[in-house]
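What follows draws every value from the coordinates through simple rules; no lab data is involved. Model, not experiment: these values are computed from the prediction. Every residue, glycine as well, gets a Cβ built from its backbone with ideal geometry; the counts of neighbours run over all protein chains shown.
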Ligand SMILES: C[S@@+](CC[C@H](N)C(=O)[O-])C[C@H]1O[C@@H](n2cnc3c(N)ncnc32)[C@H](O)[C@@H]1O
């Protein structure tokens, strides 16, 4: 068996266990880890909650196979159900397992270190590889296809919204010019193209292509749309007292999580109303004040933790019917890929990943 603890270090592990496991005290309580990865968090939840069962979802089959191996070797396999799916299939995953509610749901968004370090998947500018970037290798959209097919406007929007890249337009224009004579197939080609476009006087710290790679990865995998569709499904399937705990690494992810949680943390009545009708009272209670961040010691040991924002809520009462219906609608929102999403624009995204 590999030593999985050296491949990927789970971020804010103690805080996550502290926030998730109080919901798992009942015998047979179910926690869903929507981003199982190498099961670093998942094994810690099971170790801390001997009565609980865990459903682990991941869209990456390789990660799933490693997680299964780890669960077996740590003796948790009888309490563990692996599921190969994207987490926006949350509802159908539960239906397939004949579950209507669960006690806790955890998400640790983004890529695992395994994926970042894998040289042949094109996630990273530091290795020359085909421009693939799919977390689920069964889907057809790849980074190469985006670079070959998207219009200059659409490419510009992606680089600007998801990467906060100042030179989005120039980079998009150069991609379109270059692809007329030579297809962009490898991460080195893209890295060199960005390097040639971004003026030396305006470079951020690190590799100038970092933001473009991040933006492409978010687009290839539809990460923000999937997240926005998943959170309402989760809320509608939490039992009362159930907990939702999410770690984000990109400002737009964190904004999505925060805005979603705020809907249930505040009363939905006009300000100044003397009495809040019971049905309008908040249905979430906060588990975190603002977002928890990693401290300097963790950042030193694990650079990936530098951008983490951890938030959690508990479902304090049944979700009012009108919110349930709204969450159902929100979970069916079409995939907007690169279209400007509610309340988001280039100026409010921050580069948190890779
Ligand atoms: C940061 S890693 C999780 C690491 C894990 N917490 C651990 O400690 O080992 C994120 C994982 O989520 C998976 N993932 C990302 N987006 C997903 C999605 N939309 N649906 C399912 N899995 C997803 C990735 O494939 C990756 O394995």
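Points to keep in mind about this one:
- For the chain, modelled as a GNM whose springs connect Cα atoms under 10 angstrom apart, the maximal fluctuation among 234, 175, 299 occurs at 299.
- With Cα atoms, 0 to 90° folded angle of helix 187-197 axis to the chain main axis: 70 degrees
- Taking the C-alpha atoms of the stretch 117-220, convex hull volume expressed per residue in Å³: 89 Å³
- Counting only DSSP beta bridges with both residues in the chain, the antiparallel share comes to about 40 percent.
- Selected from 180, 263, 115 as most flexible by GNM, with the chain as the system and alpha-carbon contacts under 10 Å: 180
- Fluctuation leader among 275, 194, 176 - the chain, Gaussian network, Cα springs under 10 angstrom: 275
- Whole-angstrom Cα spans of the chain along principal axes, big to small: 61, 58, 40
- The protection proxy used here, the mean number of other Cβ atoms lying within 10 Å of each residue, ranks peptides 143-149, 328-334 as follows, highest first: 143-149, 328-334.
- Value at 222 nm in deg cm²/dmol, rounded to 500, when DSSP H runs of n ≥ 4 in the chain each add -39,500 (n - 2.57): -12000 deg cm²/dmol
- For the stretch 117-220, the relative contact order comes to 34 percent (Cα pairs under 8 Å, sequence separation of at least 6).
- Euclidean distance between Cα centres, the stretch 142-190 to the stretch 251-308, Å: 34 Å
- Projected label distance in nm at residue 149 and residue 18, using a 7 Å step from Cα toward the beta-carbon: 4.7 nm
- With the highest mean first, a sort of the peptides 56-65, 211-220 on other beta-carbon atoms found within 10 angstrom per residue produces 211-220, 56-65.
- Relative contact order, percent, the chain [alpha-carbon distance under 8 Å, six or more residues apart]: 18 percent
- Folded to 0 to 90 degrees: helix 251-265 orientation relative to the chain principal axis, Cα: 20 degrees
- Highest average first, the peptides 254-261, 90-97, 79-86 ordered by how many other beta carbon atoms sit within 10 Å of their residues are 254-261, 79-86, 90-97.
- Helix 61-73 vs. the chain, principal-axis angle (Cα, 0 to 90°, nearest 10): 40 degrees
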